[in-house]
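Taking it in order: structure first as structure tokens, then the write-up.
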């Protein structure tokens, strides 16, 4: 389902929803138009084709695959941003692309899937909080995108905190895929956060004739917010790697302990098995063959040999440190 909405913005308190303009053929004398396109059907493509935009701008707005970027050509800007997908049943890291065309009198945004951040900005505008220029509108959108991304990043932080507590408590993590899922989400989100920061930084440093000084400050604020989120994702990824290494070390230690127990058990029974094997060979001359108490004597010898081995292994530290050494 597609949707085309248009607004006229002229500054604080000056904003209203209008009928869809004809693009470059219907620019206002004061303020600017914001046309927001949502969907991917022929109605949107037809409006773009008749808007009078440069073909390169139309191609950038309708591109299937996009990454966050900012391209400035004379006094117009082409920008791509990304926002988390908060639609029901969707994965947040399946980020939605927002394509933007900015000029002094016209702003065009296009999204293929719903973006709650854009809805938030539209709600602000309809409440009477208009933007004085396209840069301020861009900063608001970028800040709202960061606002919607922050809870997702904080949720990842809480999950990684829980995993760290589990590792410290006993070295066991509930569910094998939990850590892998956290790492995957952090990597995917980080993949777009740093390019988005670079796009906003590029937009901030460009000298555009229609950009007001206060708007540039807001763009800088949006860039810093995105940078902080990217750094948080970096930290989450690194912490997940540390937890993975700790789990691997704990599992290796547990395996070594199990192998030590098996080795000690084998070493204990090796001489005992040798004695019983010698006494059980089917040849003449076995000592005690005709003595009634010989069996119990052999059992006593085996017990003594076992006790001696246990003492010897303990002395050599094969059962770990003695209690005296621990204290």
Taking the conditions exactly as written (within 23 Å of residue 202 (Cα to Cα), touching a strand residue (DSSP E or B) at 6+ places or on another chain (Cβ under 6 Å) and free of Cβ contacts under 8 Å to residues at least 40 places away in the same chain), does residue 98 satisfy them or not? no
Is it fair to say residue 85 is within 17 Å of residue 116 (Cα to Cα), surrounded by fewer than 20 Cβ atoms within 10 Å (Cβ to Cβ) and touching a residue at least 12 places away in the same chain (Cβ under 8 Å)? yes
If we scan region 249-270, do we find a residue that is touching a residue at least 12 places away in the same chain (Cβ under 8 Å), in contact with a helix residue (DSSP H, G or I) (Cβ under 8 Å, 6 or more places away or on another chain) and closer than 30 Å to residue 182 by Cβ? yes
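Answer yes or no as to whether residue 314 is under 59 Å from the mean Cα position of the chain (by Cα), in a helix (DSSP H, G or I) and touching a residue at least 12 places away in the same chain (Cβ under 8 Å). So that I can check it myself, show each step before the final result.
Working: under 59 Å from the mean Cα position of the chain (by Cα): yes; in a helix (DSSP H, G or I): yes; touching a residue at least 12 places away in the same chain (Cβ under 8 Å): no.
So residue 314 does not fit the description; no.
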Where residues in region 1-22 are surrounded by 13 or more Cβ atoms within 10 Å (Cβ to Cβ) and touching a helix residue (DSSP H, G or I) at 6+ places or on another chain (Cβ under 8 Å), which of them is nearest to residue 112 (Cα to Cα)? 2
Which of the residues spanning region 71-104 are in a loop (DSSP other than H, G, I, E, B), in contact with a helix residue (DSSP H, G or I) (Cβ under 9 Å, 6 or more places away or on another chain) and either under 24 Å from residue 10 (Cβ atoms) or at pLDDT 95 or above (or both)? 103, 104
Pick from region 163-183 the residues that are in a helix (DSSP H, G or I) and exposed (fewer than 14 other Cβ atoms within 10 Å of the Cβ): which of them is modelled with the highest pLDDT? 180
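So that you can scan it fast, the table gives a plain yes or no per residue for (1) more than 28 Å from the chain's Cα centre (by Cα); (2) within 17 Å of residue 106 (Cα to Cα); (3) modelled with pLDDT under 90:
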position	(1), (2), (3)
32	yes, yes, no
39	no, no, yes
43	yes, no, yes
46	yes, no, yes
49	yes, yes, yes
53	yes, yes, no
60	no, yes, no
66	no, no, yes
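Hey, could you check region 197-219 for residues that are without any contact (Cβ under 8 Å) to a residue 24 or more places away in the chain and surrounded by 16 or more Cβ atoms within 10 Å (Cβ to Cβ) and say which is nearest to residue 76 (Cα to Cα)?
Kept after step one, since they are without any contact (Cβ under 8 Å) to a residue 24 or more places away in the chain, are these residues of region 197-219: 201, 204-205, 207, 213, 217.
Now narrow it down to the ones that are surrounded by 16 or more Cβ atoms within 10 Å (Cβ to Cβ): 201, 204.
Numbers: 201: 16, 204: 14 Å.
For region 197-219, the residue satisfying everything is 204.
The values are calculated or read from the model by the stated rules, or taken from the named source; none is laboratory data. Quick caveat: nothing in here was measured; it's all calculated off a predicted structure. All Cβ positions, glycine included, derive from the backbone under ideal geometry; neighbour counts span all protein chains shown.
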